[in-house]
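Asks: Have a look at this one before I ask anything.
The values are calculated or read from the model by the stated rules, or taken from the named source; none is laboratory data. Not measured: the values here are computed from a predicted model. We place every Cβ from the backbone using ideal geometry, glycine too, and count neighbours over all the protein chains shown.
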Amino acid sequence: MLLQEVEQALKQLASETEEAKKSDLFKNYLEIMSNFWDYSPYNQLLIYLQMPNASRVAGFYKWKQLGRNITKGSKAIRILAPAKSKKIKDDKKEETVTYFRPVSIFDISQTEGKPLPDVDIEVKGETDSLLQKLLEFCQKQGFKVRFEDLRDDLHGFALNGTITINSDKSNNTQINTLLHEIAHALLHKNSSLSKEQKEIQAEAIAYVAARHFGLETKSFNYLALYDANEKKIMDNLKVIAECMKTIILGISQL
Ligand SMILES: [Zn+2]
């Protein structure tokens, strides 16, 4: 695959991503999602320790505002929220001190009610032979792949050298997900890049590869979520092109 071909595909992806970011659907999505706090790294750790699969978390009243109720019997996730109080010092002057108090939050899986808007990244169709080839490629690279019945909004993930793919999704969605996870596995094993940059690289590779094999993708929606733009995508051209070579060469040699 020529560098030029990769470059052209990435430019196309960048313009599709810009379009996706302008759509009403996406703006609405961002508006709703802005309801969810940005948790501090420490709280993210607390959330992870208590519920490793948590995806969207919010407090009782926030969920209520969004039209969802906490399912009966759900165990709250406890995090620490900053609070301020006034204290009178020895010299009678007032002082504001910040302290932390535990608060309860809940994951979306512990709630029921109005569905949240979702950005569509699923693709229909069947390309069985390509999926088989990608699985063989993974085997040669030493990546373990499992298919599992995952939560509906999870397409797949990679953890401790094992790629897990949602067995409930269409064949083409599984291929797109597998390409994305292969890119992570090839590039990001010991990487100190930001989460955003890793996701842009992985999804751009999935896009270029899927296009190469003649598959539909919805990468623009995924990349819009990471606020990707032409510069952020094109900055990764070399890495993406190198990784593409590995995948395409690997598959052609099977
Ligand atoms: Zn990813």
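Asks: Exactly one condition in (1) at pLDDT 85 or above; (2) assigned by TED's automatic domain parsing to the domain that holds Lys218 is false for Ile77; which is it?
Replies: Checking Ile77 against (1) at pLDDT 85 or above; (2) assigned by TED's automatic domain parsing to the domain that holds Lys218, the one that fails is (2).
Asks: Within region 139-158, can you find the residues that are surrounded by 15 or more Cβ atoms within 10 Å (Cβ to Cβ) and either within 16 Å of the ligand (Cβ to nearest atom) or not assigned by TED's automatic domain parsing to the domain that holds His180 (or both)?
Replies: Residues satisfying the conditions are Phe143, Val145, Leu150, Leu154, His155, Gly156, Phe157, Ala158.
Asks: Look at region 107-138 and say how many of its residues are over 27 Å from Asp24 (Cβ atoms) and either at pLDDT 90 or above or surrounded by 13 or more Cβ atoms within 10 Å (Cβ to Cβ) (or both).
Replies: Matching residues across region 107-138 total 13.
Asks: For region 82-102, which positions are within 33 Å of the chain's Cα centre (by Cα) and basic (Lys, Arg)?
Replies: Arg101
Asks: Out of everything in region 30-73 that is buried (at least 17 other Cβ atoms within 10 Å of the Cβ) and β-branched (Val, Ile, Thr), what residue ends up being modelled with the lowest pLDDT?
Replies: Looking at the filtered set, the residue picked out is Ile47.
Asks: Would you call Lys198 more than 22 Å from His155 (Cα to Cα) and either away from the ligand (no atom under 14 Å from the Cβ) or modelled with pLDDT of 90 or more (or both)?
Replies: It is false that Lys198 is more than 22 Å from His155 (Cα to Cα) and either away from the ligand (no atom under 14 Å from the Cβ) or modelled with pLDDT of 90 or more (or both).
Asks: So, Leu193, is that one in contact with a Leu (Cβ under 8 Å, 6 or more places away or on another chain), outside any helix (DSSP H, G or I) and either within 14 Å of the ligand (Cβ to nearest atom) or closer than 26 Å to Pro117 by Cβ (or both) or not?
Replies: The answer is no for Leu193.
Asks: Something else about it: With in contact with a Phe, Trp or Tyr (Cβ under 8 Å, 6 or more places away or on another chain) and away from the ligand (no atom under 14 Å from the Cβ) as the only criterion, which of Gly161, Gly214 stands out?
Replies: Of the residues listed, the single one that is in contact with a Phe, Trp or Tyr (Cβ under 8 Å, 6 or more places away or on another chain) and away from the ligand (no atom under 14 Å from the Cβ) is Gly161.
Asks: Can you pull out every residue in region 168-187 that is within 13 Å of the ligand (Cβ to nearest atom), without any contact (Cβ under 8 Å) to a residue 60 or more places away in the chain and closer than 22 Å to Phe147 by Cβ?
Replies: Result: Asn176, Thr177, Leu178, His180, Glu181, His184, Ala185.
Asks: Follow-up question, since we're still on this one. Residue check: is Ala158 of a type in the set (A, V, I, L, M, F, W, C) and either closer than 23 Å to Phe26 by Cβ or assigned to a helix (DSSP H, G or I) (or both)?
Replies: So Ala158 fails the test.
Asks: Which one of these does Ser194 not meet: (1) exposed (fewer than 14 other Cβ atoms within 10 Å of the Cβ); (2) in contact (Cβ under 8 Å) with a residue 60 or more places away in the chain; (3) under 29 Å from Lys27 (Cβ atoms)?
Replies: Every condition holds for Ser194 apart from (2).
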